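Enquirer: Dropping a structure here in structure tokens format, bear with me for questions.
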Amino acid sequence: HQTPAAQAFWTAEVARRKSTGVEAVCCICGGTAFALASLPESIPGSVIPVVDSAGRPARGQPAQLVSINNAAQGRSGVLQLANTPISPDCGGDAVAGLTHLLNEERSHRRNRSSVLAWWSNDTALDDEDLLGKLDQPDPDTVARLLEKLHDPGAGEFFVSSQARRFRAVTLAANKSRVVIRGQIDISLGQLGVNLAAWFGDHRIDTGRPDSTGTYIGLWQMAAATGRPSSSGRGYLPDTQLRGVEDDLLGSALNRAPLPVSLLPNLLHRINRDGVIDAARAALLRLCLRRSPIPSPEDTTMTGLNTEATEPAYQCGRLFRVLEDIQQNAIPEISTTLADRNRALSRNPAMLSSLVENSRAHLKRLRRSQKTVPAARALETRLDEVLERINPFPARFTISEQGLFVLGYHHQRAWDRRQREAASAAKRAREAESGTKTGPETGA
């Protein structure tokens with residue numbers, strides 16, 4: 001079967017059995033050959049994810065890339081591929097090439113209901129694991145990737161030539177047919193710009209010392225649209241929004257806009273369970289920056305911006321300051337302001353009563369000599385935020401609710417960094433003096 005004669009015979013036999021017997025111009029290569037009536041092979045059922053009507057994984061079956069079996073599906077009632085002439089060689093190569101991409105780990109990405117396969121007509125991407133960087137964005141790896149955009153001499157990945165292309169296709173399966181959900185065809189230079197914008201638009205401050213922001217994996221942001229696990233670590237599988245990974249992947253590679261429904265769904269989850277971790281904060285920032293009407297630049301930065309003019313952002317900061325005051329005044333409290341006021345972003349007028357309650361907490365802090373410095377620092381911070389909110393808004397739009405949550409997260413991350421810096425300074429003083437000082441306040 002490996003001899004030239006055997007291969008030539010079976011090539012001709014496949015062409016005879018699968019062709020229409022009519023010569024035509026192939027729509028792929030432009031050459032003249034007997035057009036195929038149907039593609040010689042199917043895409044294996046194992047390479048394209050399949051889900052049932054309930055959204056559960058199901059077993060796939062071989063699927064045809066192109067098939068016209070009913071008169072209503074073809075132009076002028078013509079069946080099979082008569083109106084889409086493809087030569088035998090091109091038909092076989094197309095199926096074999098796509099199957100290879102779907103089996104090659106570096107060139108495809110699967111999720112529950114679809115798979116994205118990508119390729120390029122240039123060797124510049126041969127050593128680039130693009131999808132791996134999106135899911136596991138190591139800071140050093142991302143830094144080297146972005147360096148190529150700003151330094152043409154660092155590599156040939158980011159180039160201006162329109163002839164050097166990046167292409168991708170998102171596939172699903174409907175019984176025995178392949179479904180194309182989306183496609184991308186852009187230059188390598190545009191791909192570089194899109195990736196740089198992706199990492200820049202979702203990077204988020206988590207309060208870690210000496211950090212300018214953290215990159216979050218695409219799969220983590222998709223999972224953050226689901227319900228948190230009871231252990232407090234991660235999110236329950238199969239609870240994330242359907243199709244959210246495809247939306248995020250398209251936005252990362254092609255800078256496609258995110259669905260307008262993503263932000264309200266994310267805010268609904270946050271209001272229900274009260275979880276605002278790095279993944280949700282990063283996705284929230286991404287939604288605000290890539291909505292049809294982007295939020296102001298000064299309120300969607302990586303970290304805290306005390307000079308922001310948007311009232312919703314400052315109200316989120318204020319809510320975090322009030323929570324910090326309560327936690328310092330009543331360290332043993334088990335239910336915080338955030339636990340009891342999850343829907344405050346929809347009704348910011350309640351903030352005025354919480355501010356009045358915080359005065360009593362500050363008074364309590366002043367009673368002890370050890371907590372007087374904390375009381376002064378918290379009161380100064382409270383007054384600084386209040387100066388930027390006058391009066392308290394009555395209601396917030398969906399985008400303003402997102403800014404409220406982002407302001408809360410930014411202030412909390414900043415507070416964390418200040419506490420860790422104070423703790424580090426305290427340990428340094430103890431090491432120099434050889435003594436141990438008293439307990440440190442939370443402010």
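Enquirer: I'm checking my understanding of the structure. Among residues of segment 171-210 that are of a type in the set (Val, Ile, Thr) and surrounded by fewer than 17 Cβ atoms within 10 Å (Cβ to Cβ), which one is nearest to ALA278 (Cα to Cα)?
Expert: Quick first cut of segment 171-210, residues of a type in the set (Val, Ile, Thr) only: 178-180, 184, 186, 193, 204, 206.
Of the ones still in play, those that are also surrounded by fewer than 17 Cβ atoms within 10 Å (Cβ to Cβ) are 179-180, 193.
Details: VAL179: 34, ILE180: 33, VAL193: 24 Å.
Checking each candidate, the answer is VAL193.
Enquirer: For segment 1-39, how many residues are assigned to a helix (DSSP H, G or I) and either in contact (Cβ under 8 Å) with a residue 40 or more places away in the chain or open to solvent by 50 Å² or more (accessible area, probe 1.4 Å) (or both)? Give the derivation first.
Expert: Going through segment 1-39, the residues assigned to a helix (DSSP H, G or I) turn out to be 4-18.
Filter once more, keeping what is either in contact (Cβ under 8 Å) with a residue 40 or more places away in the chain or open to solvent by 50 Å² or more (accessible area, probe 1.4 Å) (or both): 4-5, 7-12, 14-18.
Matching residues across segment 1-39 total 13.
Enquirer: Got at least one residue in segment 317-328 being assigned to a loop (DSSP other than H, G, I, E, B) and either acidic (Asp, Glu) or under 23 Å from TYR215 (Cα atoms) (or both)? It would help to see each step written out before you state the result.
Expert: Initially, segment 317-328 is screened for residues assigned to a loop (DSSP other than H, G, I, E, B), giving none.
Checked segment 317-328: no residue is assigned to a loop (DSSP other than H, G, I, E, B) and either acidic (Asp, Glu) or under 23 Å from TYR215 (Cα atoms) (or both).
Enquirer: Right, something else. Quick one: is SER229 open to solvent by 10 Å² or more (accessible area, probe 1.4 Å) and in contact with a Phe, Trp or Tyr (Cβ under 9 Å, 6 or more places away or on another chain)?
Expert: Values: open to solvent by 10 Å² or more (accessible area, probe 1.4 Å): yes; in contact with a Phe, Trp or Tyr (Cβ under 9 Å, 6 or more places away or on another chain): yes.
When the stated conditions are applied, SER229 passes them.
Enquirer: On to the next question. Go through segment 1-19 and give me each residue that's closer than 17 Å to ASP89 by Cβ and modelled with pLDDT of 85 or more. Don't jump to the end; show me each part of the working.
Expert: Of the residues in segment 1-19, the ones closer than 17 Å to ASP89 by Cβ are 4, 7-19.
Matches in segment 1-19: PRO4, GLN7, ALA8, PHE9, TRP10.
Enquirer: Moving to a separate point now. So, of the residues in segment 343-359 that are polar (S, T, N, Q) and in contact with a helix residue (DSSP H, G or I) (Cβ under 7 Å, 6 or more places away or on another chain), which turns out to be surrounded by the most Cβ atoms within 10 Å (Cβ to Cβ)?
Expert: Of all residues in segment 343-359, those polar (S, T, N, Q) come to 345, 347, 352-353, 357-358.
Right, trim to in contact with a helix residue (DSSP H, G or I) (Cβ under 7 Å, 6 or more places away or on another chain) and you get 345, 358.
Details: SER345: 24, SER358: 22.
Only one residue tops the list, namely SER345.
Enquirer: Across segment 244-263, what is the number of residues that are open to solvent by 30 Å² or more (accessible area, probe 1.4 Å), in a loop (DSSP other than H, G, I, E, B) and in contact (Cβ under 8 Å) with a residue 12 or more places away in the chain?
Expert: Here the count works out to 4.
Enquirer: When residues of segment 218-254 are filtered for being among the acidic types (Asp, Glu) and more than 21 Å from ALA168 (Cβ to Cβ), how many remain? Please lay out each step first, then the result.
Expert: Step one: of segment 218-254, the residues among the acidic types (Asp, Glu) are 238, 245-247.
When the remaining residues are screened for being more than 21 Å from ALA168 (Cβ to Cβ), the result is 238.
The qualifying residues number 1.
Enquirer: Take the residues in segment 63-108 that are under 16 Å from VAL179 (Cα atoms) and over 36 Å from the mean Cα position of the chain (by Cα), then tell me which one is least open to solvent (accessible area, probe 1.4 Å).
Expert: ILE68
Enquirer: Something else now. What number of residues within segment 360-395 satisfy the criterion of being part of a helix (DSSP H, G or I), open to solvent by 100 Å² or more (accessible area, probe 1.4 Å) and over 17 Å from ILE330 (Cβ atoms)?
Expert: 2
The values are calculated or read from the model by the stated rules, or taken from the named source; none is laboratory data. The structure displayed is predicted, hence computed values, not measured ones. In this analysis, Cβ positions are derived from the backbone assuming ideal geometry, glycine residues included, and neighbour counts consider all displayed protein chains. SASA here: full protein model, heavy atoms, side chains in, ligands and nucleic acids out. Shrake-Rupley method; radii C 1.70, N 1.55, O 1.52, S 1.80 Å.
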